[in-house]
Each structure stands twice: as structure tokens, then as C-alpha cells.
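Read through the structure below, which is laid out as C-alpha cells, and then see the notes.
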Amino acid sequence: MQWERAWLARREVRWRRGTEVVECFRFADGYVATVEYTDRDVTWQLTAGPVPLAGALFTVALYTQHDVTPQIDPDGRMFTAIGDDGPRQVFTETPDEPVEYVYVDAFRTLEEFPDCIDTAPLEQTFKRLSYSPRRELRFG
């Protein structure tokens, strides 16, 4: 079963696959991504807290495209390991399986994502959620 975008508004987006829902929404100074299992009344966070929009969408893509969740380093920063076969969780490093560590908070645009992430399904979402109308000051 494929993930489908079910909702896109100015401050939130939602994807659905059966009874599983991934949501990304504006919270405080950033965005939070969550996963909900509607048949079990369970919700958990993909992000460790508010992160920049690109970072939140990166965590969504990790989960929806590769079934991987970010890990947390000792300083509380979210990261994932990327090997030759794509993103994965790594608990011990082995010389025969080299990986590159990528930090979620390093991303500001979709173009910065590693090649293993398909950004095409995220482009409209990024544009919509990052859009902020210009406000002009009135004189007088």
C-alpha cells in the first residue's frame, strides 16, 4: 500500500497509508512530524521537537519512503546513517559497511537532501508550508 497525501493546508500536511497517518505541522518556531495509528489510538513524534521545515520533511521522507526513523545523538540532535543501500539505523559501526551520518537540522532546502530521498512528492508541500505572505507597513 502506498502513502498518499490526504491534506495540505498553510500550516500542516497529512499523508495516509491505511490506518497509519503521518502529519507535519507548524509548532512554536519550527515544524513537528508525528505518526498516528488510527486503529490503535496511538500517536508518536518523528521529530524530537520543532525543527526547520526541511528537516521535518526529511524525517517524513525517511519514514514514508524507507521505513526509517531518525536517531538521537548524545547532544539531542537527530541524525540518520546513509549507506550504499540508503538510510538505515546504525547502533554499531562496522568497517565493512561504511555509512555517512546526516543531521536533520542541517537541511534548509529540499535540494540539500541526499539522493536516496525522492523530493518530488515533497516539493508542493515545501512551497505551501514555507510560504509567508508579504506584509507591507502603512505610512501615515
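Points worth noting:
- The distance between label points at residue 127 and residue 8 comes to 0.8 nm (points 7 Å beyond Cα on the Cα→Cβ vector).
- Probe 1.4 Å, accessible area per residue of the chain, Å²: 65 Å²
- Take every Cα pair under 8 Å whose residues are at least 6 apart in sequence, average their separation, divide by the length of the chain, and the relative contact order is 18 percent.
- About the centre of its Cα atoms, the chain shows a dipole size close to 1220 debye [charges on the beta carbon of Lys, Arg (+1) and Asp, Glu (-1) only; nearest 20 debye].
- Degrees between helix 53-66 axis and first principal axis of the chain (Cα, 0 to 90, nearest 10): 40 degrees
- Estimated FRET transfer efficiency when R0 is 22 angstrom, pair residue 94-residue 71 (beta carbons, to 0.05): 0.85
- Accessible area of the range 4-126 belonging to carbon and sulfur atoms, whole % at 1.4 Å probe: 46 percent
The values are calculated or read from the model by the stated rules, or taken from the named source; none is laboratory data. Just so we're clear, the structure is a prediction, and the values are computed from it rather than from any experiment. Note that we place each Cβ from the backbone using ideal geometry, even for glycine, and neighbour counts take in every protein chain shown. Calculation scope for accessible area: heavy atoms of the full protein, side chains included, ligands and nucleic acids excluded. Shrake-Rupley method; radii C 1.70, N 1.55, O 1.52, S 1.80 Å.
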